[in-house]
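The values are calculated or read from the model by the stated rules, or taken from the named source; none is laboratory data. Since this is a predicted model, take the numbers as computed values, not measurements. Note that each Cβ is placed from the backbone with ideal geometry, even for glycine, and that neighbours are counted across all protein chains shown.
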Amino acid sequence: MSVIATPARQSTGGTSARTINRIVIYGLLALFALFYLMPLFVMLVTSFKTMEEIQNGNMLALPQAPTFEPWAKAWGETCVGLTCAGIKGYFWNSIKMVVPAVLISTLLGALNGYVLTKWRFRGHTLVFGLMLFACFIPFQSVLLPMATILGSLGRFGVTLRNATGFSFGLGNPTVNLVFVHVVYGLGFTTLFFRNYYEAFPTELIKAAQVDGASFFQIFRRIMLPNSMPIFVVTVIYQFTNIWNDFLFASAYAGTGDAMPMTVALNNVVNTSTGVVEYNVNMAAAMIAALPTLLVYVVAGRYFVRGLMAGAVKG
Amino acid sequence: MAFLEIDGLKKRFGSVEILKGIDVELEKGGFLVLVGPSGCGKSTLLNTIAGLETITEGEIRVDGRTINDLHPSKRDIAMVFQSYALYPNMTVAGNIAFGMEMRGVPAQERQKAIDKVAKVLQIGHLLQRKPSQLSGGQRQRVAMGRALVRDPKLFLFDEPLSNLDAKLRVDMRIEIKRLHATTGTTIVYVTHDQIEAMTLATKIAVMRDGEVQQFGTPAEIYNNPTNLFVADFMGSPAMNLVPATIGGNGSALSVVLQREARDPISLPLANAPAGLSAFQGKPVIFGVRPEALTDPEGAERNASNIATADCHIEVVEPAGSDTFAVTNLGGKAVVARLRADANIQPGTSTPLAFNLTKAVFFDPATENRIL
C-alpha cells in the first residue's frame, strides 16, 4: 500500500508546487514586461494627442481625438536649436552616416574573419587578441585622441583641397563619423565573423583553391554567400549601435548641418522656446527609434538564429 | 620515368617532422593507394601533392614536370575531398563548372562539359539542385563529377568513401574502379580502410608515422609484408601473429608453438627462408593468415608444405560464407578460416592444417621480416 501511495502523493504535491512556481514566474515576467513597455506606451499615446489633451488629461489615457499633426510637425517644422525645419534633415544625416559605416565595418569584419581563420599567418592569435581588446575599450577614453586624429585628417584634407581642388571627404563630419564607427566597430564585427568562420569547413576553401579561385574570388563566391546568418547579426548589431550612438555624434558632429538624429533629438527636447511640446517631442523620439525597430522586425529571426549558431560553434 | 614521382619528400611543422622522406612513384594510368592509421601523414602527403601544403624538402614531379612550388590550380590535378566540399550556395551544375568559370571557359563550352560529365555519372537530373538536396551517394557523384570535368593529369581522392554507409561504400568503390578502368586516369587515393586499398590499388604505400613502411602491388603487400606493422595492418581478419621459437637440427627447421596446458606443437618447415636458420632456438613471430589455417579438407591442395596439428577450439564464428574458429597458440587468440559447413564444436579439439608455404616470420626485436 504505502509503496504505491508514496509516489502518488509526491506527484500531486509536485504538481501543485509546479503550478505555483509557474504563476509566480509568469506573474513576475508580466510585471517586468509591463514595466518595460510602459514608457513606450506613454510615448506612443502622447505622440497622438493634442497639447490641450496632454495638459488636462491622464498620461496613460488613450488619445480622445488621435491626430498625426505632432508627427508631421516633428518631421517638418519643429525647431532644432535655431533652425525650425523639423528633424527630417537630421534623419537623412543619420542614414547617410549609418549605412556606409555599417556596410564598411561589416565587410571589413568579414574579411578579417576570413583571413584570421582560413589564411592564418604567424601571430594571428595576437592580432585577434588585440582586435578583441578593442571591444573593451570604453568610448570615453578614445574621445580626445580621436578628436586629435580627426583634426589632423581635417587639416590634411584642407591641404589636399588646396593642392588638388578636392578634399576626398577628409574633414567632412559625416565622413569623420563613418571613420570613427568603422574603427570602433571592427573589433566586434571581426569577433562575430571570426567565430562563424572558425566552424566554416576548410575543405571548401581548399576545393576552391584547386578550382583556381583567387583570395578574393573565394571570399566573394564561397565565403560571403554562405555567411547570411552572421551577416544579418552583424548588420543589426552595428546598425543599432551606430544609429543610437550619441557620444561620438555629439563630440564630432554636435553642431552644424551634419548633425545625426540622436543629437538633433536631444536639441529638439532642449529647445526652450515657449511651451514644451510633449507630443512633438515624443513623435520625434519615435521617429528616431523607428529604423532600429524596423531592422529588428525584418531581420530579427536571423538575429536569434545567428547568435545561437555563434554560441554553439564559437 | 614514372608519371608521378615523389623524391625524398619531407614536411616539418616547426620541429615536428610529419613526413620523414617519402619516395614513391606511379606509372601512368596507375592507381596508388596511401593507406595507414590516423595520423600517419597520408592526408598530408596528398595535400602536398595537391599543393595545399608546402613541402620542406624533396621534389614532386608529374609527367616529368616539377610541381613543388606551383599553385594548386596550376598543377593540372583534381581533388575529391572527404566531406565532398561541394559549394552549398551553388547548384550541382554550378559546382561542376566553378573551376572552368575561374579559368574563364566560355559558358557554352562549360555547358557541354557539364552535360558530358553528367552523362558519365548519371547525374543529369540533379544538375539544378543544391547540394543540401542530395543524398550522400549523389553528393559523392557530384564531387567526382567536379574532378572529372577538369580532365586532369592526376586525380587525388582524400578518403572519399568514409562518410557513406557500408552498402553504398561498396557500390561507390566499384564505381570508382570502373571509372578508373574506363577513363584510364592516374589516381592517388588516401584511405584508412585496407579493403579499399586492396581492391582498388595497382600500387599500395602502407604508411606509419610519416614513413612508407612498404610500397608495392596489393599482392606483394598482402603475401610478403616486410614487417610486423604491414602484416598486421593489411588483411581482414588480420594475420595471426604468434610468438614462437625455431626448433630443429641442422637444415631441418621447425616452428614450435606453445599451447595452453598441453605439449607445444612442432611444425616441420620444408622450405624455410634462408635467414631463419640463424634463429634456431630463438624466439620469432610466426605469421599465418586465417585462410592459410584451415580444416584439413579445406586446405589448398597443391601447397607443398602443409602440416596438421590438433588445436583446442575456443570460439566458433559462422560468417555465412566461411566459419571462423578461434584457438589459442603461444598465448594469443588465433583465427582459422574453415569451410562454411565444417562440423566443428567449441570446446573440442580438432586438427587444423597450417599452410606453411604462406607462413612468414618476423624478428621480434626489429619487427622486420626474416628472409
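Overview of values
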{"read-out": "Conditions (1) within 14 Å of chain A (Cβ to nearest Cβ); (2) basic (Lys, Arg); (3) without any contact (Cβ under 8 Å) to a residue 12 or more places away in the chain: number failed by B:Arg75", "value": "(3)"}
{"read-out": "Residue list for the stretch B:121-136, filter: surrounded by fewer than 16 Cβ atoms within 10 Å (Cβ to Cβ), more than 14 Å from chain A (Cβ to nearest Cβ) and part of a helix (DSSP H, G or I)", "value": "B:Gly124, B:His125, B:Gln133, B:Gly136"}
{"read-out": "Residues within the stretch A:173-188 that are of a type outside the set (Val, Ile, Thr) and closer than 15 Å to A:Ser94 by Cβ, tallied", "value": "4"}
{"read-out": "Residue check, B:Ile49 in contact (Cβ under 8 Å) with a residue 12 or more places away in the chain and either more than 21 Å from the chain's Cα centre (by Cα) or surrounded by fewer than 18 Cβ atoms within 10 Å (Cβ to Cβ) (or both)", "value": "no"}
{"read-out": "Residue, farthest from the chain's Cα centre (by Cα), within the stretch B:91-116, restricted to residues that are surrounded by 14 or more Cβ atoms within 10 Å (Cβ to Cβ) and facing chain A (nearest Cβ under 8 Å)", "value": "B:Met102"}
{"read-out": "Check on A:Phe216, of a type in the set (Phe, Trp, Tyr), more than 10 Å from chain B (Cβ to nearest Cβ) and touching a Ser or Thr at 6+ places or on another chain (Cβ under 9 Å)", "value": "no"}
{"read-out": "Output for the stretch A:140-165, where each listed residue is over 24 Å from the mean Cα position of the chain (by Cα) and among the hydrophobic types (A, V, I, L, M, F, W, C)", "value": "A:Ile149, A:Leu153, A:Phe156, A:Val158, A:Leu160, A:Ala163"}
{"read-out": "Unique residue being modelled with pLDDT under 90, under 24 Å from the mean Cα position of the chain (by Cα) and farther than 30 Å from B:Leu148 by Cβ when the list is A:Asn172, A:Asn195, A:Asn176", "value": "A:Asn172"}
{"read-out": "Residue among B:Gly331, B:Gly287, B:Gly281, B:Gly347 that alone is under 28 Å from the mean Cα position of the chain (by Cα) and among the small types (Gly, Ala, Ser)", "value": "B:Gly287"}
{"read-out": "Identity of the residue in the stretch B:266-305, small (Gly, Ala, Ser) and assigned to a helix (DSSP H, G or I), that ends up surrounded by the most Cβ atoms within 10 Å (Cβ to Cβ)", "value": "B:Ala292"}
{"read-out": "Number of positions in the stretch A:251-303 that are acidic (Asp, Glu) and closer than 30 Å to A:Val142 by Cα", "value": "1"}
{"read-out": "Given (1) surrounded by 13 or more Cβ atoms within 10 Å (Cβ to Cβ); (2) more than 30 Å from A:Gly187 (Cα to Cα), number of the condition A:Phe68 does not satisfy", "value": "(1)"}
{"read-out": "Residue match in the stretch B:54-71 (condition: closer than 13 Å to A:Lys206 by Cβ and either in a helix (DSSP H, G or I) or modelled with pLDDT of 90 or more (or both))", "value": "yes"}
{"read-out": "Some residue of the stretch A:139-157 being assigned to a loop (DSSP other than H, G, I, E, B), assigned by TED's automatic domain parsing to the domain that holds A:Ala289 and of a type outside the set (S, T, N, Q)", "value": "no"}
{"read-out": "Residue list for the stretch B:255-265, restricted to those being loosely packed, with under 14 Cβ neighbours inside 10 Å and aliphatic (A, V, I, L, M)", "value": "B:Ala261"}
{"read-out": "Those residues of the stretch B:353-365 which are farther than 14 Å from B:Asn223 by Cα and touching a residue at least 12 places away in the same chain (Cβ under 8 Å), in sequence order", "value": "B:Ala353, B:Phe354, B:Asp363, B:Pro364"}
{"read-out": "Yes/no for B:Phe81 being more than 24 Å from B:Gly145 (Cα to Cα) and within 14 Å of chain A (Cβ to nearest Cβ)", "value": "no"}
{"read-out": "Candidates B:Asp193, B:Asp232, B:Asp171, filtered to the one that is farther than 20 Å from B:Ala50 by Cα, touching a helix residue (DSSP H, G or I) at 6+ places or on another chain (Cβ under 8 Å) and either of a type outside the set (Lys, Arg) or modelled with pLDDT of 95 or more (or both)", "value": "B:Asp171"}
{"read-out": "Only one of B:Leu32, B:Leu46 that is within 14 Å of chain A (Cβ to nearest Cβ) and either more than 20 Å from B:His71 (Cβ to Cβ) or among the aliphatic types (A, V, I, L, M) (or both)", "value": "B:Leu46"}
{"read-out": "Counted residues, the stretch A:96-138 - those being farther than 18 Å from A:Thr190 by Cβ and either small (Gly, Ala, Ser) or not in a helix (DSSP H, G or I) (or both)", "value": "2"}
{"read-out": "Flag if A:Asp211 is modelled with pLDDT of 85 or more, more than 18 Å from A:Leu107 (Cβ to Cβ) and of a type in the set (Asp, Glu)", "value": "yes"}
{"read-out": "Odd one out for A:Ala101, checked against (1) at positive phi; (2) touching a residue at least 40 places away in the same chain (Cβ under 8 Å)", "value": "(1)"}
{"read-out": "Given (1) within 14 Å of chain A (Cβ to nearest Cβ); (2) on the phi < 0 side of the Ramachandran plot; (3) not aromatic (Phe, Trp, Tyr), number of the condition B:Ile60 does not satisfy", "value": "(1)"}
